[in-house]
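The values are calculated or read from the model by the stated rules, or taken from the named source; none is laboratory data. The structure displayed is predicted, hence computed values, not measured ones. We place every Cβ from the backbone using ideal geometry, glycine too, and count neighbours over all the protein chains shown. Please note that ligands, DNA and RNA were not included when accessible areas were found on the heavy atoms of the full protein model with its side chains. Shrake-Rupley method; radii C 1.70, N 1.55, O 1.52, S 1.80 Å.
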Amino acid sequence: MKLRTRILGCVMALTLGLTSALGSYVVADAATITSGGWFESLYATWQETNASASKVEYKLSTQSAYTTADPELIRQYGGTARVDIPGLKPGKYDLRITDSNGVVSTKTNVSVKEYDRSGYAHFNYTSGVGAYTDDGTLKPGTKVLYVTDANKDSVSVSSSDGTTVTGIGNILNTVGAEGASKGLANTNNNILRKLAVDGTPLDIRIIGTVTAPAGLTAYDSVDYGGSTGDNGNMARMKDAMNVTIEGIGTDAKIEGWGVHFICGTAFKQYGKSFEVRNLTFEKYPEDAVGAEGQQASGAITAPVERVWIHNNSFYPGYCAKPAESDKAEGDGSCDFKRGQYMTLAHNYFEGCHKTNLIGSADASLQFHITWHGNWWKDCAARGPLVRQSNIHIYNNYYQGTSDYAMNPRANAFIFAEYNFMEEVKNPCQVKSGGVAKAYKNYLVSVQQKQEFTNVADKSETVSSSSTYANFDTNSSISYIPGGNYNLIEDPYLAKQNCMAYAGVMKEAQVEPDDIYAYIVDSSNLPSSSVDLPVDITFSNANVAKNSKSVIQNVVVNATKADTSGMTIKDDGIVFKVDETATVTLTGDNSTKYFPILYSVEGKRYIETSGTTAVPAGMYVVKTDTYDPGKADYKE
């Protein structure tokens with residue numbers, strides 16, 4: 001895909017008057033600053049060889065007093081300094097930067113956007129998920145830990161009773177603290193529980209790439225809170241509350257380990273309110289991110305609750321010698337089980353094998369879950385695999401899925417609306433007891449074997465044995481009937497939104513309308529149109545055959561179409577009409593490959609055969625069946 005980038009903010013040189021000790025003014029050339037805003041944060045870069053000696057201040061443009069940014073937020077990249085300031089209310093901000101030479105530069109009216117808090121994690125909940133309030137600022141009393149690869153084993157945190165724990169692995173991995181009866185114990189003295197008892201939120205800010213710290217779970221062992229059959233290197237965070245783990249800037253990465261939020265039966269009032277944002281996860285041996293509560297006798301006894309995983313990027317996991325044969329690429333990018341009120345939003349997954357599991361077994365219970373604004377690119381399966389749950393899946397983009405996307409089973413109920421699925425082998429594979437209600441999704445070049453229960457109106461109900469069957473029409477348990485979520489009612493625009501915003505903060509900020517999101521490559525688009533009749537017959541069954549696509553026995557008749565611009569390439573037959581035209585498509589449906597006429601935005605007009613009027617624009621005839629195969633992920 002091609003992106004036309006637009007840098008937020010601007011670049012300009014400023015000249016300021018600096019007051020001397022005698023009160024006169026000295027003119028100095030200020031630094032050249034590039035600045036911009038993202039979601040509840042802003043950034044700036046400037047020429048600087050000694051970033052640690054710089055000072056950055058910021059304020060709302062309507063206020064007079066500046067706040068000084070934490071020095072850890074200012075980093076050196078060659079001859080450039082960069083600052084990223086999270087925890088800001090949406091609005092316009094001014095920046096004041098004093099460089100290592102004492103030269104002051106300013107930028108004004110930098111726009112900061114609001115995170116999208118649609119979904120179940122925030123449904124009927126105003127306390128703020130994680131360490132932040134809903135206005136984007138830190139909760140009072142929050143402890144902030146800055147973690148780098150250099151200080152990961154020396155950073156420390158203390159609770160009110162004087163307990164101090166050192167090392168981010170020891171701080172976060174609390175499951176192994178109970179004692180030797182569950183294997184070797186770690187040394188964290190239940191610090192997360194103590195902070196929860198204190199009412200102290202915790203914000204962990206990752207800077208740069210942080211590889212696996214000391215103190216995580218052991219490989220294929222119960223030591224330090226691990227499990228046999230697991231690849232280890234997990235921070236299993238039990239009985240914590242109001243915790244955010246976030247990346248600073250564009251390059252924050254957790255590499256070779258993962259985090260797991262857990263609610264335990266003994267302290268079930270904790271294990272709640274978790275957020276992960278703006279982090280890249282890669283080469284995790286087990287899970288990248290997980291959430292897990294407890295259940296007994298067919299009921300959730302200690303639910304992990306209010307989990308918000310958003311604006312992260314997930315790449316394949318890795319284990320050289322997996323404890324179980326199917327864990328060579330880790331066990332899952334983001335898995336939820338035995339909990340409720342969870343949202344997975346605006347994340348990017350590329351090349352992952354098992355992406356999202358909801359429910360570890362047919363008896364596992366988990367409810368009130370939202371998936372929205374995510375982009376799966378060249379992933380294999382589990383987008384998601386769902387058991388015993390109700391889940392709302394909307395405005396997502398599935399691209400090149402080599403196995404199946406959605407997979408409801410064991411009394412799971414999915415409501416999927418306004419999603420864009422492109423070149424997906426199997427959009428929806430329903431297993432025993434599962435239901436997937438669908439409304440106004442775009443399916444482009446996918447296998448016809450898809451098992452959605454499509455409805456003409458989203459208020460329709462469908463038959464299901466799910467605990468929360470038709471939750472999407474019940475205003476007492478769902479935000480959907482009241483429309484209390486940011487729904488994009490055009491799957492093509494939803495695709496653009498995913499391509500612009502899914503994943504971590506980008507080096508070059510883009511907006512949805514900057515994105516090239518057509519279903520054909522730009523080189524296949526005709527550049528001109530002529531008012532001539534067209535009657536083109538393709539009798540060769542393999543006329544457009546390549547490694548991924550076949551269009552069978554297609555006859556296209558189009559009035560007012562561009563003959564010179566019609567192309568037969570990997571994308572199919574592409575043509576342009578310059579005014580409303582009548583198109584007839586005649587296809588051979590005796591084989592498994594059927595031609596379909598789409599607009600380049602992905603809207604279907606004719607399947608196999610038919611005649612219809614189409615407005616001026618670009619069109620493509622593509623096969624209905626597309627098997628992308630397993631993508632080989634390359635860094």
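Is it true that residue 231 is in contact with a Cys (Cβ under 6 Å, 6 or more places away or on another chain), of a type outside the set (Gly, Ala, Ser) and closer than 22 Å to residue 338 by Cβ? Yes; evaluated as a whole, the condition is true for this residue. Among the residues here, residue 478 does not qualify as touching a strand residue (DSSP E or B) at 6+ places or on another chain (Cβ under 6 Å), hydroxyl-bearing (Ser, Thr, Tyr) and modelled with pLDDT of 95 or more.
Count of region 50-77 residues, restricted to those that are more than 16 Å from residue 207 (Cα to Cα) and either of a type in the set (Gly, Ala, Ser) or touching a Gly at 6+ places or on another chain (Cβ under 9 Å) (or both), is 7.
When region 207-225 is filtered for residues that are hydrophobic (A, V, I, L, M, F, W, C) and surrounded by fewer than 18 Cβ atoms within 10 Å (Cβ to Cβ), the ones remaining, listed by number, are 214, 222. Might you check whether a residue that is acidic (Asp, Glu), surrounded by 24 or more Cβ atoms within 10 Å (Cβ to Cβ) and within 18 Å of the chain's Cα centre (by Cα) occurs anywhere in region 278-286? The answer is no; no qualifying residue exists. Of the strands (runs of 3 or more DSSP E) entirely within region 356-440, those holding at least 2 residues that are open to solvent by less than 20 Å² (accessible area, probe 1.4 Å) occupy 367-372, 385-387, 390-394, 397-399, 404-409, 413-417, 420-422, 426-428, 435-439.
Specify the residue that is farthest from residue 207 (Cα to Cα); the eligible residues are those in region 157-180 that are open to solvent by 20 Å² or more (accessible area, probe 1.4 Å) and not in a loop (DSSP other than H, G, I, E, B). Here the answer is 177.
Restricting attention to region 272-292, does a residue exist that is part of a loop (DSSP other than H, G, I, E, B) and closer than 23 Å to residue 122 by Cα? Looking for residues that are part of a loop (DSSP other than H, G, I, E, B) and closer than 23 Å to residue 122 by Cα, one finds at least one in region 272-292, hence yes.
Restricting attention to region 444-458, the residues being crowded, with 21+ Cβ neighbours inside 10 Å and modelled with pLDDT of 95 or more number 0.
Let's see how each residue does on (1) at pLDDT 95 or above; (2) crowded, with 21+ Cβ neighbours inside 10 Å; (3) among the aliphatic types (A, V, I, L, M):
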| position | (1), (2), (3) |
| --- | --- |
| 41 | yes, yes, no |
| 48 | yes, yes, no |
| 67 | yes, no, no |
| 77 | yes, no, no |
| 116 | yes, no, no |
| 124 | yes, no, no |
| 131 | yes, yes, yes |
| 155 | yes, no, yes |
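Please go through region 66-101 and give me each residue that is more than 19 Å from residue 209 (Cα to Cα), in a strand (DSSP E or B) and in contact (Cβ under 8 Å) with a residue 60 or more places away in the chain, ordered by number. The answer is 95, 97. Going through region 180-201 one residue at a time, which ones are in contact with a Gly (Cβ under 9 Å, 6 or more places away or on another chain), of a type in the set (A, V, I, L, M) and modelled with pLDDT of 95 or more? Answer for region 180-201, where residues must be in contact with a Gly (Cβ under 9 Å, 6 or more places away or on another chain), of a type in the set (A, V, I, L, M) and modelled with pLDDT of 95 or more: just 196.
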